[in-house]
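What follows is calculated from the coordinates using simple rules that are stated; it is not laboratory data. Bear in mind the structure is a predicted one, so any value in this text is a computation, not a measurement. Because the Cβ atoms are built from the backbone with ideal geometry, glycine has one as well, and the counts that use them run over all protein chains shown.
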Amino acid sequence: MTVRLSDHITLVAVPGPEEGDRPAAVLLDGRTGEYWQLNATAHLVLRSLLDGASEPETARALVRAHPEAADRAETDVGDIVTRLTAAGLLERP
């Protein structure tokens with residue numbers, strides 16, 4: 001299943017707090033000016049999905065980046081998609 005950002009949402013990668021950290025991201029709602037900060041893990045998940053990966057493929061990418069999360073990666077990916085969709089930031093076309 002593919003996803004896309006809602007039309008009024010802009011994704012901006014921001015550097016991690018420490019040199020060498022994976023970038024985090026900010027999602028900006030162009031209609032309201034509200035923004036949401038994503039940590040590096042949520043950004044990895046979102047970027048993977050926006051690049052066309054399925055949720056299972058994204059979960060595998062998450063496990064490659066965080067092997068310690070193997071037991072919950074699929075659930076975490078689903079939770080991120082559910083929360084971003086409920087907030088009106090993400091759509092399933």
Discussion item. Can you give the log10 of the normalised intensity I(q)/I(0) at q = 0.12, 0.18 Å⁻¹, computed with Debye over equal Cα scatterers of segment 4-88?
Written reply: -0.35, -0.78
Worksheet entry | Residue-by-residue Karplus 3J(HN,Hα) for segment 67-75, coefficients 6.51, -1.76, 1.60, Hz, glycine and proline x | x, 5, 9, 4, 6, 10, 4, 5, 5
Worksheet item: So what's the back-of-envelope 222 nm ellipticity for the chain, counting only DSSP H runs of four-plus at -39500 (n - 2.57) apiece and dividing by all residues, rounded to 500?
Response: -12000 deg cm²/dmol
Worksheet entry | Ranking of D79, D71 by count of other Cβ atoms within 10 Å, fewest first | D71, D79
Item to complete: Check each of the trypsin sites (Lys or Arg not before Pro) in segment 40-80 and keep only those in coil by DSSP with at most 16 other C-beta atoms within 10 angstrom; list them in order.
Response: R72
Response to the item:
Taking a crude spin-label model, label points 7 Å out from Cα along the C-beta direction, the D7 to T32 distance in nm is 1.8
Worksheet item: When S48, S54 are ordered from fewest to most other Cβ atoms inside 10 Å of their Cβ, what list results?
Response: S54, S48
Worksheet item: Could you give the dipole magnitude of the chain about its Cα centre, charging the beta-carbon of Lys and Arg +1 and that of Asp and Glu -1, in debye to the nearest 20?
Response: 200
Discussion item. Give me the percent relative contact order of the chain, please, defined on Cα pairs under 8 angstrom at least 6 residues apart.
Written reply: 32
Worksheet item: Hey, fewest Cβ within 10 Å first, where do D29, D7 land in order?
Response: D7, D29
